[in-house]
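The values are calculated or read from the model by the stated rules, or taken from the named source; none is laboratory data. Note that the structure is a prediction, hence the values are computed from the model and not measured. Cβ: placed from backbone, ideal geometry, glycine included. Neighbour counts: every protein chain shown.
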């Protein structure tokens, strides 16, 4: 399994200078701003990865974990882990020549000679024979969610979202902290 993180880093000297008279003020403000920023970034990542893979957002969300910032660790992360997805996750359908599935791009892709079956465990998968004989068979897999996460266009969208939200959240938290301190 792979884990990839998106880090939101910002030069925070200005915030620390403004709040130097408040004990722990800078870390509180930065932590709140980071944690408010990471959730919309995750939302954009889920939407774009699901669109790219052409699977449900629910299945992408299962592979994502948010790591929130704390006062002592001023770092928020979107972590993505997971294995390759089975072809059956891509709306596979049995046809006479084989199995079709929703692949990348538009339309459906065909895997000739493949078939859909349910194993004793209840798992439904797309399989292909390794030889002319009945057995052995091998399950077919597509890309993994972490593989899609590291692609540059997904990272670019996440960075853009983080940049647009970060400054607004930081300003809001600064004003709130100073008003209520």
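Some values worked out for this structure:
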| item | result |
| --- | --- |
| Conditions (1) crowded, with 18+ Cβ neighbours inside 10 Å; (2) touching a strand residue (DSSP E or B) at 6+ places or on another chain (Cβ under 7 Å); (3) closer than 26 Å to residue 119 by Cβ; number of the one not met by residue 77 | (3) |
| The one condition in (1) more than 30 Å from residue 18 (Cα to Cα); (2) assigned by TED's automatic domain parsing to the domain that holds residue 27 that residue 126 fails to fulfil | (2) |
| Residue within the range 40-49 that is without any contact (Cβ under 8 Å) to a residue 12 or more places away in the chain and surrounded by fewer than 20 Cβ atoms within 10 Å (Cβ to Cβ) present | yes |
| Meets criteria (surrounded by 10 or more Cβ atoms within 10 Å (Cβ to Cβ), more than 20 Å from residue 82 (Cα to Cα) and under 28 Å from the mean Cα position of the chain (by Cα)) for residue 156 | yes |
